[in-house]
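Nothing in this text is a laboratory measurement; each read-out follows from the coordinates by a stated rule. All values reported here derive from a predicted model rather than from experimental measurement. In this analysis, Cβ positions are derived from the backbone assuming ideal geometry, glycine residues included, and neighbour counts consider all displayed protein chains.
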Amino acid sequence: MLEADSQERAASGLAWYAILCLPVLFAAGMSLLDTIDGSFMNFAYGWAFSKPVRKVYYNLTNTGLSVAVALIIGTAELLGLLADKAGLHGPFWDWISGLDLNTIGFVIVGLFFATWAAALAVWKLGRIEEKWTAGLRPAEQEAD
């Protein structure tokens, strides 16, 4: 009852078109971020699939990142559930129980940036493409 009263009071001073601005702003923001993501992925896929060595490196990096994210989320959820159901307390278990998935999400976004920055540095500085293709023969010579 109290919640319904507060919602009515919050919306009572706003015009109907002002309330509709929120979904429109949300849609505009999502469109912008999806466009940026699509542009980035178009570039990444174009680079990765131009040569087989790049495709393997891209897939290894992407798979490793996916495994790391799954382990982070799975471990946090499992330990939080264990602490809750078993009634575990202490500095570590209280910290685990208080973990917020939003905070973990920010950590994962940081992990994405750090992983791709490290992968790019390893690719450039380690000259991976040169090393991995050094022993390969061109396809024309194999056909002869």
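Report the extension gain between Thr133 and Leu81 in nm, rounded to one decimal, defined as 0.36 nm multiplied by the number of residues separating them, less their alpha carbon distance. Numbers along the way, then the final one.
Working: separation 52, 0.36 × 52 = 18.72 nm, distance 4.74 nm.
That pair, Thr133 and Leu81, stretches by 14.0 nm at full extension.
Would you look at the GNM of the chain, springs on alpha carbons closer than 10 Å, and say which of Leu22, Leu82, Leu99 moves the most? Looking only at Leu22, Leu82, Leu99, the biggest GNM fluctuation is shown by Leu22.
With 0.36 nm allotted per residue and the present C-alpha distance subtracted, the Asp100-Tyr45 stretch has 16.5 nm of extension available.
Annotation: Cα Rg of the stretch 51-133 relative to the compact-globule expectation 2.2 N^0.38 Å equals 1.51.
Take every pair of alpha-carbon atoms less than 8 Å apart whose residues are at least six positions apart; their mean separation over the length of the chain yields a relative contact order of 19 percent. The charge dipole of the chain, taken about its Cα centre with unit charges on the Cβ of Lys, Arg, Asp and Glu (plus for the first two, minus for the last two), comes to roughly 600 debye. Considering only Ala68, Ala86, Ala48, the Gaussian network model of the chain with Cα springs below 10 Å gives its largest mean-square fluctuation to Ala86. Across the options Ile104, Leu32, Gly135, the greatest Cα extent toward the positive end of the charge dipole of the chain (unit charges at beta carbon of Lys, Arg, Asp, Glu) belongs to Gly135.
Using 0.36 nm per residue and subtracting the Cα-Cα separation, the extra length available between Asn59 and Cys21 on full extension is 9.6 nm.
A simple spin-label model places the labels of Thr35 and Ala117 2.7 nm from each other, with each point 7 Å out along Cα-to-Cβ. Recomputing Kirkwood radius over Cα pairs in Å from the coordinates shown identifies the correct label among (i) 15.9; (ii) 16.3; (iii) 20.6 as (iii). In terms of other Cβ atoms within 10 Å, Ile73, Ile19 run from fewest to most in the order Ile19, Ile73.
Comparing Tyr58, Tyr17, Tyr45 in a Gaussian network model of the chain (Cα springs below 10 Å), the most mobile by mean-square fluctuation is Tyr17. Dipole magnitude for the stretch 51-133: about 640 debye, using +1 per Lys or Arg Cβ and -1 per Asp or Glu Cβ, origin at the Cα centre.
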